[in-house]
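Student: Below is one structure. I have some questions about it.
The values are calculated or read from the model by the stated rules, or taken from the named source; none is laboratory data. These figures come from a predicted structure and were not determined experimentally. Here Cβ is always computed from backbone atoms with ideal geometry, including for glycine, and neighbour counts include all displayed protein chains.
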Amino acid sequence: MDDLRSKYLPLIAEAADEAALEDLRVQAVGKKGEISLKMRELGKMTPEERQVAGPALNALKDEVHSALAAKKAALADAALDARLREEWLDVTLPARPSRQGTVHPISQVTDEVSAIFANLGFSVAEGPQIESDWYNFDALNIPGHHPARGEMDTFYMHRDEGDNRPPHVLRTHTSPVQIRSMQEHGAPIRIICPGRVYRSDYDQTHTPMFHQIEGLAVDKDISMANLKWCLEEFAAAFFELDHIEVRFRASHFPFTEPSAEIDFRCSWVDGQLKLGEGDDWLEAGGSGMVHPKVLAAGGIDPEVYQGFAFGLGIDRLAMLKYGIPDLRPFFDSDLRWLKHYGFVPLDRPDLTRGLSA
Ligand code: DAH
């Protein structure tokens with residue numbers, strides 16, 4: 001028995017892995033293992049011999065079993081240690097070596113404006129940037145001879161020689177989306193349409209491609225008061241102030257009657273713009289009650305329905321809110337500018353959390 005003990009205990013202690021350990025278990029205490037065979041010999045012994053050999057063999061068997069269990073646990077611990085060493089991860093490393101890419105101020109402001117109007121019950125509509133002459137002009141009560149056509153510095157699409165159909169245009173404003181949306185959804189309707197527009201113009205505050213956001217609300221009892229409230233709500237939320245006074249200044253647009261220029265109360269202190277207080281007014285866009293002819297062009301009965309519309313410049317809103325002095329670099333794709341003025345991609349504008357948090 002001492003031979004068996006001194007044979008198996010060191011072998012178990014040195015077993016390299018679980019397979020080797022299992023072999024040893026079979027050899028020693030398996031059905032035909034050496035110790036099991038010895039136990040069978042007990043039957044051939046005299047009672048006196050058995051009284052000594054029985055407990056001793058049982059003790060040896062227990063000893064081998066617990067040595068096997070201890071070694072098994074030790075091997076499992078060692079395997080786990082090895083895995084932990086192998087799969088080691090430095091959690092102090094940044095997830096990415098550097099932040100790649102930012103959200104362009106135009107996208108940011110579009111998202112901010114959309115979040116605000118969504119909160120007021122407006123949905124977002126879109127339309128094509130290459131637009132028919134009818135949607136861009138006629139349907140908006142700007143007939144062929146109208147001076148507004150000249151004022152808009154329109155880009156006309158190429159026409160084949162002999163093709164006398166009216167040329168398509170790069171849309172000069174987002175207003176044609178009003179018509180498309182009315183045709184598609186009818187009344188009542190509440191939409192905003194952000195998007196690119198095009199005019200042949202280029203200086204510090206004009207680029208041939210720029211961005212507008214159009215608003216339209218049509219129902220049976222819509223008035224200028226609703227328009228003014230919406231614009232005041234919008235201005236305060238957008239500039240993240242408690243209140244901004246909005247002023248209507250009489251104006252003229254072919255697609256609205258009456259028409260009003262939208263001004264926000266502001267002041268200029270040492271060349272710095274301060275919104276919401278002061279004696280100055282900042283032009284923010286155009287608006288008015290939708291002209292009956294425009295409702296009719298959209299397939300809506302002007303005897304039953306009326307509505308308001310407005311148009312704001314997204315680029316201008318971005319320049320004002322984020323203090324960007326020149327419009328041209330917006331579209332230069334200069335990485336240094338984008339890094340400086342861009343926004344963190346995962347911070348989505350959200351009215352409850354803060355628009356530009
Ligand atoms: N479409 C006009 C422009 O581009 C802006 C505008 C003015 C839109 C008044 C409107 C509005 O919806 O009611 O200059």
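Student: Quick one: is K228 farther than 16 Å from M319 by Cα, in a helix (DSSP H, G or I), touching a residue at least 40 places away in the same chain (Cβ under 8 Å) and more than 11 Å from the ligand (Cβ to nearest atom)? Talk me through it step by step, then tell me what you get.
Tutor: Working: farther than 16 Å from M319 by Cα: yes; in a helix (DSSP H, G or I): yes; touching a residue at least 40 places away in the same chain (Cβ under 8 Å): no; more than 11 Å from the ligand (Cβ to nearest atom): yes.
Judged against the criteria, K228 is not a match.
Student: Residues to consider are R196, R165, R171; find the one that is charged (D, E, K, R) and in contact with a helix residue (DSSP H, G or I) (Cβ under 6 Å, 6 or more places away or on another chain).
Tutor: Working: R196 fails: in contact with a helix residue (DSSP H, G or I) (Cβ under 6 Å, 6 or more places away or on another chain); R165 fails: in contact with a helix residue (DSSP H, G or I) (Cβ under 6 Å, 6 or more places away or on another chain).
Result of the check over R196, R165, R171: R171.
Listed here are the residues, each with its yes/no results for (1) small (G, A, S); (2) more than 19 Å from I192 (Cα to Cα); (3) out of contact with any His (no Cβ under 7 Å at 6 or more places or on another chain).
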| residue | (1), (2), (3) |
| --- | --- |
| E87 | no, yes, yes |
| T92 | no, yes, yes |
| Q100 | no, yes, yes |
| Q108 | no, no, yes |
| S114 | yes, no, yes |
| N141 | no, yes, no |
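Student: Out of L80, L68, report the one residue that is over 22 Å from D2 (Cβ atoms) and either surrounded by 12 or more Cβ atoms within 10 Å (Cβ to Cβ) or modelled with pLDDT of 90 or more (or both). First the steps, then the outcome.
Tutor: Working: L68 fails: over 22 Å from D2 (Cβ atoms).
Result: L80 is the single residue among L80, L68 that is over 22 Å from D2 (Cβ atoms) and either surrounded by 12 or more Cβ atoms within 10 Å (Cβ to Cβ) or modelled with pLDDT of 90 or more (or both).
Student: Considering every residue within segment 216-225, establish whether at least one is at pLDDT 95 or above, among the hydroxyl-bearing types (S, T, Y) and within 35 Å of the chain's Cα centre (by Cα). Give the derivation first.
Tutor: The first filter runs over segment 216-225 and keeps only residues at pLDDT 95 or above, leaving 216-225.
With among the hydroxyl-bearing types (S, T, Y) added as a condition, the list becomes 223.
Then keep just the ones that are within 35 Å of the chain's Cα centre (by Cα); that gives 223.
Yes: segment 216-225 contains one or more residues that are at pLDDT 95 or above, among the hydroxyl-bearing types (S, T, Y) and within 35 Å of the chain's Cα centre (by Cα).
Student: Could you look through segment 182-225, keep only residues that are within 14 Å of F308 (Cα to Cα) and in a helix (DSSP H, G or I), and pick out the one that is farthest from the ligand (Cβ to nearest atom)?
Tutor: Residue satisfying both the conditions and the ranking: A225.
Student: Do we find a residue being within 22 Å of S356 (Cα to Cα) and either within 15 Å of the ligand (Cβ to nearest atom) or part of a loop (DSSP other than H, G, I, E, B) (or both) anywhere in segment 274-282?
Tutor: Yes; the residues of segment 274-282 include at least one that is within 22 Å of S356 (Cα to Cα) and either within 15 Å of the ligand (Cβ to nearest atom) or part of a loop (DSSP other than H, G, I, E, B) (or both).
Student: Considering only segment 2-17, state which residues are of a type outside the set (D, E, K, R) and surrounded by 10 or more Cβ atoms within 10 Å (Cβ to Cβ).
Tutor: Quick first cut of segment 2-17, residues of a type outside the set (D, E, K, R) only: 4, 6, 8-13, 15-16.
Hits for segment 2-17 are L4, S6, Y8, L9, P10, L11, I12, A13, A15.
Student: Looking at segment 331-340, is at least one residue in contact with a helix residue (DSSP H, G or I) (Cβ under 9 Å, 6 or more places away or on another chain), closer than 30 Å to D219 by Cα and either of a type outside the set (V, I, T) or within 13 Å of the ligand (Cβ to nearest atom) (or both)?
Tutor: no
Student: List the pairs whose first member sits in segment 16-31 and is touching a residue at least 12 places away in the same chain (Cβ under 8 Å), whose second member is aromatic (F, W, Y), and whose Cβ atoms are under 7 Å apart, counting only residues at least 6 apart or on separate chains?
Tutor: Close Cβ pairs satisfying both conditions: L24/Y8; A28/Y8.
Student: Can you name the residue in segment 150-181 that is within 16 Å of the ligand (Cβ to nearest atom) and among the charged types (D, E, K, R) and, of all such residues, is farthest from L140 (Cα to Cα)?
Tutor: We begin by selecting, within segment 150-181, every residue within 16 Å of the ligand (Cβ to nearest atom); these are 150-155, 169-181.
Imposing the further condition that a residue be among the charged types (D, E, K, R) reduces the set to 151, 153, 171, 180.
Working: E151: 15, D153: 17, R171: 12, R180: 11 Å.
Among those residues, the one meeting the criterion is D153.
Student: Still on this structure: Pairs, please: C-beta under 7 Å, at least 6 apart or cross-chain, first residue over 17 Å from V218 (Cα atoms) and in segment 277-293, second among the basic types (K, R) and assigned to a strand (DSSP E or B)?
Tutor: E277/R265; G278/R265; W281/R247; W281/R265
Student: I want to confirm something. Restricting to segment 231-253 and keeping residues that are in a loop (DSSP other than H, G, I, E, B) and away from the ligand (no atom under 12 Å from the Cβ), which single residue is nearest to S132 (Cα to Cα)? Spell out how you get there, then give the answer.
Tutor: First pass over segment 231-253, keeping only residues in a loop (DSSP other than H, G, I, E, B): 239-245, 252-253.
Filter once more, so that each one left must be away from the ligand (no atom under 12 Å from the Cβ): 239-245.
Details: F239: 35, E240: 38, L241: 40, D242: 42, H243: 40, I244: 38, E245: 38 Å.
Across segment 231-253, the extreme among qualifying residues is F239.
Student: Let me ask something else. Quick one: which residue in I12, I106, I35 is of a type in the set (A, V, I, L, M, F, W, C) and under 30 Å from P325 (Cβ atoms)? Lay out the reasoning, then the answer.
Tutor: Numbers: I12 fails: under 30 Å from P325 (Cβ atoms); I35 fails: under 30 Å from P325 (Cβ atoms).
That would be I106, the only listed residue that is of a type in the set (A, V, I, L, M, F, W, C) and under 30 Å from P325 (Cβ atoms).
Student: A follow-up question, please. Of the residues in segment 327-346, how many are under 17 Å from Q204 (Cα atoms) and either modelled with pLDDT under 90 or aliphatic (A, V, I, L, M) (or both)?
Tutor: Residues that pass the stated criteria total 1.
Student: So, of the residues in segment 303-330 that are out of contact with any helix residue (DSSP H, G or I) (no Cβ under 8 Å at 6 or more places or on another chain) and of a type in the set (G, A, S), which turns out to be farthest from the ligand (Cβ to nearest atom)?
Tutor: Step by step, filter segment 303-330, then rank; the result is G323.
Student: Among the candidates G162, G186, G150, which residue alone is closer than 21 Å to S287 by Cα, at pLDDT below 95, over 29 Å from the mean Cα position of the chain (by Cα) and not hydrophobic (A, V, I, L, M, F, W, C)? Give the steps one after another, and end with the answer.
Tutor: Working: G162 fails: closer than 21 Å to S287 by Cα; G186 fails: at pLDDT below 95.
Step by step, each of G162, G186, G150 is checked, and only G150 is closer than 21 Å to S287 by Cα, at pLDDT below 95, over 29 Å from the mean Cα position of the chain (by Cα) and not hydrophobic (A, V, I, L, M, F, W, C).
Student: Conditions: (1) among the aliphatic types (A, V, I, L, M); (2) more than 15 Å from E112 (Cα to Cα); (3) more than 16 Å from the ligand (Cβ to nearest atom). I300 meets all but one. Number of the miss?
Tutor: So the condition that I300 fails would be (3).
Student: State yes or no: is R171 assigned by TED's automatic domain parsing to the domain that holds G311 and either in contact with a Lys or Arg (Cβ under 7 Å, 6 or more places away or on another chain) or at pLDDT below 95 (or both)? Walk me through it before giving the result.
Tutor: Values: assigned by TED's automatic domain parsing to the domain that holds G311: yes; either in contact with a Lys or Arg (Cβ under 7 Å, 6 or more places away or on another chain) or at pLDDT below 95 (or both): no.
No, not satisfied.
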